[in-house]
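The values are calculated or read from the model by the stated rules, or taken from the named source; none is laboratory data. In this text the structure is predicted, and so the values were computed from the model without any measurement. Please note: Cβ atoms are built from the backbone with ideal geometry, for glycine as well, and neighbour counts cover all protein chains shown.
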Amino acid sequence: MTSRTTTAAVAVAALVVAAATGCTGGSAQGGGTPAPGISDRPPAAERSGPPPSAAPGAASAPAGFTLVASGDVLPHDSIIRRAAQDAGGDGYDFGPMLAGVRSVVAPADLAICHMETVYGKEGGPYTGYPAFKSPPEVAAALKATGYDSCSTASNHTLDDGADGLRRTLDALDAAGIRHAGSARTAEEAGRPTLMKAGGATVAQLAYTYDTNGYPLPEGQPWAVRLLDEGKVIADARAARAAGADVVVVSVHWGTEWQTAADERQLSLGRALTASTSGGRPDIDLIIGTHAHVPQAYEKVNGTWIVYGMGDQIAGDMINHEGAFDPRGNQGTLGRFTFAPPKEPGARWEVTKAEFVPQWFDTGRGRVVNLGSSGDGDPRHTSIRETIRQVVLGRGAEKDGLTMGK
């Protein structure tokens, strides 16, 4: 994603805008996970209750699960400074920024973030826009918030070349967070990210529309998964063959600063959700990022699409007209409850779909859960309503989408 931020006066905005706009197009493959096999999420007291018990002598029915997904984690210079301040001068602590949404993320059986930037070397230097190198301490904060996996395919994945990609995946591995969308080896790129959630095996696949013109590392055409309809469908079918009951596709796509899904999002969403094998959809959920603003949720061909989650963490944002745009700090968390198939070979069905509005308060450097916010801040009501109107803009309410807390 293109991102613009500033901590100086508005007069600086014009210089920032003149410097660069940020996102261009591309196409290829790649992606992977840090370890073979399936990872089980460790138990936590705040997660959903135990699976239903079976009658004596009967086989246990597989348990359903909840999945939470959120938008772009985009540490600008101001965010990096805030993390240093929150650490009290000893490194960087991104945990306090994310604490406001832990009540949504941690109880989920599976929680997915979007790590848009790559990490710099231990000790820095760390940079924001336009070529991001974030402190690796971000990974520990994501884990502490309750995230299990992150999509890592974005237009900033190659901001620091193959070294930045590798450092990022190494840090996520060390924090115990799975990842999809970029890879260090061809072997890693060739296997889907598989995780357990309730009684299901869930695959996460991730893709980006481009890498801001940075070429794929020499000899590593698999380093970043680039968005291509045929490739996504082939990967989804391969994930199903590898044992996935549910296939989730994270997509970095769309038009920046546009709340309406663009034609490519709409057409590709229709194509991906229409793809089936043996009468069963190949893809069970699509989670979009990149636009910097919230976009609509929609049920297409029986499958939920979130066209754009918006930003979860970002500094004060400047749009393409050179103006500070508060929408760049608005977003949602999507929460989807999956139930086991009603008959063998059928899909896992989403029985409850929710969006939780969120806002990054740049003045305080904190993510605010607007679904449960009751602190009397007069800004919260209007921001929540702005997000709600966008999210429901394509009729998702009629398909049962509700606002959660």
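Quick notes
- Subset tally (residues that are more than 19 Å from V202 (Cβ to Cβ), of a type in the set (V, I, T) and buried (at least 19 other Cβ atoms within 10 Å of the Cβ)) for the range 264-302: 1
- Answer residue from the range 316-346, given it is surrounded by 20 or more Cβ atoms within 10 Å (Cβ to Cβ) and out of contact with any Gly (no Cβ under 7 Å at 6 or more places or on another chain) and is farthest from D109 (Cα to Cα) among those: I318
- The C-beta contact set for the range 71-97 (first residue on the phi > 0 side of the Ramachandran plot, second residue buried (at least 24 other Cβ atoms within 10 Å of the Cβ) and of a type outside the set (A, V, I, L, M, F, W, C), distance under 9 angstrom, 6+ apart or interchain) comprises G91/P135.
- Count - residues of the range 387-405 that are under 19 Å from G310 (Cα atoms), in contact with a strand residue (DSSP E or B) (Cβ under 7 Å, 6 or more places away or on another chain) and part of a helix (DSSP H, G or I): 4
- Annotation note: of A242, A186, A175, the sole residue that is among the small types (G, A, S), surrounded by fewer than 24 Cβ atoms within 10 Å (Cβ to Cβ) and either farther than 25 Å from D109 by Cβ or free of Cβ contacts under 8 Å to residues at least 24 places away in the same chain (or both) is A186.
- Of all residues assigned to the range 136-153, none qualifies as being without any contact (Cβ under 8 Å) to a residue 12 or more places away in the chain, farther than 22 Å from H290 by Cβ, assigned to a helix (DSSP H, G or I) and of a type outside the set (A, V, I, L, M).
- Residues that are polar (S, T, N, Q) and either surrounded by fewer than 24 Cβ atoms within 10 Å (Cβ to Cβ) or touching a helix residue (DSSP H, G or I) at 6+ places or on another chain (Cβ under 7 Å) (or both) within the range 189-206 comprise just one, T201.
- Among (1) surrounded by 16 or more Cβ atoms within 10 Å (Cβ to Cβ); (2) assigned to a helix (DSSP H, G or I); (3) modelled with pLDDT under 50, the one test that A14 misses: (1)
- In the range 76-123, the residues that are of a type in the set (D, E, K, R), part of a loop (DSSP other than H, G, I, E, B) and buried (at least 19 other Cβ atoms within 10 Å of the Cβ): D93, D109, E116
- Failed item in (1) under 28 Å from V118 (Cβ atoms); (2) out of contact with any Ser or Thr (no Cβ under 8 Å at 6 or more places or on another chain); (3) outside any helix (DSSP H, G or I); (4) modelled with pLDDT of 95 or more, with G322 passing the rest: (4)
- Checking the range 379-387 against the condition returns no match, with no residue being surrounded by 15 or more Cβ atoms within 10 Å (Cβ to Cβ), within 17 Å of V101 (Cβ to Cβ) and touching a helix residue (DSSP H, G or I) at 6+ places or on another chain (Cβ under 7 Å).
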